[in-house]
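The values are calculated or read from the model by the stated rules, or taken from the named source; none is laboratory data. As the structure is a computational prediction, the values presented were derived from the model and not from experiment. Cβ: placed from backbone, ideal geometry, glycine included. Neighbour counts: every protein chain shown. The area values use the complete protein model at the heavy-atom level, side chains included, leaving out ligands, DNA and RNA. Shrake-Rupley method; radii C 1.70, N 1.55, O 1.52, S 1.80 Å.
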Amino acid sequence: EMFYALARTSMSPIIYEVLDYASGLTDSKGQLLTQGNGVTGFIGMLSFMVRETVEKYNKSGDLKPGDIILINDPYGGGGSHLCDVGLVMPIFYDGELIAFSANKAHWTEVGGKDAGSMSTNSTEIYQEGLQFPCVKIFEEGKLNQAVVEIIRANVRFPDLSLGDLWAQVAALKTGERRVQELCEKYGKETVVNSIHYLLDHGEQLALKSLRELPKGVYTAEDYIDDDGIEKGPFHVKVKVEITDNEFICDFRGSHPQVTGSINSTLTGLVSAVRTIYLAITNPSQDVNDGSFRPLRVISDKGSIFNAVRPAPVSMYWESMLFGSDLIWKALAPVIPNRLSAGHFLSVCVAILSGKHQDTNEPFLIVEPSVGGWGGDKEKDGASGQFCILDGETFNIPIEVCETRNGVLVDEYSLNTDGAGAGEFRGGYGVVRSYRSLTDNQYFTGSFGRHKYKPWGANGGKDGSTNYFEFVNSNGEVSAPFGKYNQYRLNKNDVTRLVTGTGGGYGNPLKRPIDKVIWDVKNEYITVEQAQRDYGVTLNPDTLEVVEISAERKELEEK
């Protein structure tokens, strides 16, 4: 109910269309009880925000009914970047603090040097917007108008940012009202006992799942392309140890924090690990902090996974996602029933600002991109889905995009590049093209996995990389880019975004011939790719089988 209240009252498409937010309840100590999730990357961040609040307001009487705390500091409980603004509200009953309601939502703007408050060339967090270090926006129900005026004066789209603030407040109050109604109905003692039971039950479910996993130590390593300033690559690694009682993820030895804005804080890393941990242990389990009691996350302070102030973090997902992916890669060979081959990995954010062609009003597009997921032991990878951090979120519909913004969407199609061959092939990314309808528009993009492909599994081939390019109105092409800050566009220039194909699973020569023919018919692969990757030579006119390669025959005979 809190989740829907926020979406229905927000002002920004990235919230009410994309669902880039999360809401939940914690106990009085900040232990997560339940969470409504748009973005999986926020799993755990709510509890860190509440714990920061409890730590800061730790004296009796510091927190009162009607207080609401504002927090987005990545180094103090916020965990992601400054655009993800969190609100925390203590819930009292009969004068006793019994719970907190909390939410975290992506504001379109929090100020900073560039529109959208995300930059690929920022070198310190102070360039990325307003920081809210766990301050009261409401005190005993009274609005702190000074904080509101500071926000209004420092963001480029105050109606959107403040509108989203009020939506978050409405959602928090919904949570407060419902918890208090539970206490009225069942009694405070029953509610508090139920909270303890829920957390302990979550732990027992997690331990049961752990005992069913293969025990041992597993490792993986990979490379992050660059940070928009330093050339890279940046080496990252993990050692995963699974016992009957613990799931330990050790990222020590990964690259130190970098100059550019792709650094993640420890809270972000923990949330990334929690996401893949749930996928491995019990994907259907309701999320609460009891579930995570067996989980340990270790990293070097000052590393790309555990950056310290004032490192920039506006494109934090480019490292945070490797926190999930490294564990995924390490365990995919031993848990094939839960983990597929690698996917396109990046949020692939597109930020486009300028003036609307009809109203001359400023607009701002802030949107993640979908891409290809890896194949697994039973099926082909999914096409056109968001990365693991974004979870089950959505694109902004083209009709909404074209109405609100000074662009036309020339193309939105699958990127059928034929990569990710396998017995179960990788799913495909997409091509999305924005045509600018006015002069002096500016584009910023951060597309990770621009140089290093999604990995194949069990003999499957690697997928393809993400990139974007600019096609000027005179036909000149500037490409390919993985990161670019504030590229200037004029009328009829096109920004073309391309996301990658996921990795394949299994030997491509084992893919059934009828599936290979079906892929060719549907233009997912070409006749040439069928012959090269799958060992099937087809008549280009009739698509009848002309020949099968010797390697495929030998495999079939076995």
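Before moving on, here are some points about what is shown:
- Gyration tensor (alpha-carbon) shape descriptor, the chain, a/c threshold 1.5: oblate
- The chain, dipole about Cα centre (Lys/Arg Cβ +1, Asp/Glu Cβ -1), debye to the nearest 20: 800
- Length-normalised contact order for segment 239-371 - Cα pairs under 8 Å, 6+ apart - percent: 27
- Legend: distances between Cα atoms for K379/K451; K56/K188; K301/K329; K64/K136; pairs beyond 20 Å are K379/K451; K56/K188; K301/K329.
- Full-stretch length increase - E523, N440 - with 0.36 nm per residue and alpha-carbon distance subtracted: 26.1 nm
- Sorting the segments 370-377, 238-245 by their residues' average number of neighbouring beta-carbon atoms within 10 angstrom, most packed first, yields 370-377, 238-245.
- Förster radius 45 Å - calculated FRET efficiency between D300 and N490, Cβ distance, rounded to 0.05: 0.50
- If only the Cβ of Lys and Arg carry +1 and only the Cβ of Asp and Glu carry -1, the dipole of segment 219-301 around its Cα centre is close to 180 debye.
- Taking every protein chain into account, the 1.4 Å probe leaves K113 with about 90 Å² of accessible area, to the nearest ten.
- Estimated inter-spin distance, L162 and R211, nm [label 7 Å along Cα→Cβ]: 5.7
- Each of W317, G342, H196 was placed along the dipole of the chain (beta-carbon charges, centred on the mean Cα), and the one lying farthest toward the positive end is H196.
- Every helix of 4 or more DSSP H residues in the chain counts as -39500 (n - 2.57), and over all residues that averages to -8500 deg cm²/dmol at 222 nm.
- Taking all Cα pairs closer than 8 Å and separated by 6 or more residues, the relative contact order of the chain comes to 13 percent.
- Contour minus Cα-Cα distance for N539 and E378 (0.36 nm per residue): 55.1 nm
- Once the chain from R152 to E96 is taken as fully extended at 0.36 nm per residue, the excess over their C-alpha distance is 16.7 nm.
- Residues listed by number, segment 249-291, amide nitrogen under 16 Å from K29 label point at 7 Å toward C-beta: 288-291
- Summing Cβ point charges (Lys, Arg +1; Asp, Glu -1) relative to the Cα centre of segment 119-240 gives a dipole of roughly 480 debye.
- Between R404 and T259, the FRET efficiency from the beta-carbon distance, with R0 = 56 Å, is close to 0.95.
- For the pair E1 and K142, label points projected 7 Å from Cα toward Cβ lie 3.0 nm apart.
- For segment 483-558: relative contact order, % (alpha-carbon pairs under 8 angstrom, 6 or more apart): 22
- A 1.4 Å probe run over the protein chains yields, for the chain, 39 Å² of accessible area per residue, whole-number rounding.
- Per-peptide packing, taken as the mean over residues of other Cβ atoms within 10 Å, places 547-554, 254-261 in the sequence 254-261, 547-554 from highest down.
- Candidate residues K231, K483, K510: accessible-area rank, largest first, probe 1.4 Å: K231, K510, K483
- Ranked by the mean number of other Cβ atoms within 10 Å of their residues, highest first, the peptides 514-521, 162-169, 344-351 fall in the order 344-351, 162-169, 514-521.
- Span-like helix criteria (full DSSP H runs; alpha carbon extent of at least 30 Å along the helix axis; mean Kyte-Doolittle hydropathy of at least -1.0) are satisfied in the chain by 158-186, 188-211.
- Spatially, segment 434-492 and segment 63-111 are offset by 35 Å when compared through their Cα centroids.
- Cβ-based net charge around F234, under 12 Å, with every Lys or Arg adding one and every Asp or Glu removing one: -4
- Residues within the reach of a label modelled at Q357 (point 7 angstrom out along Cα to beta-carbon, backbone nitrogen below 11 Å), restricted to segment 427-442, are 435-439.
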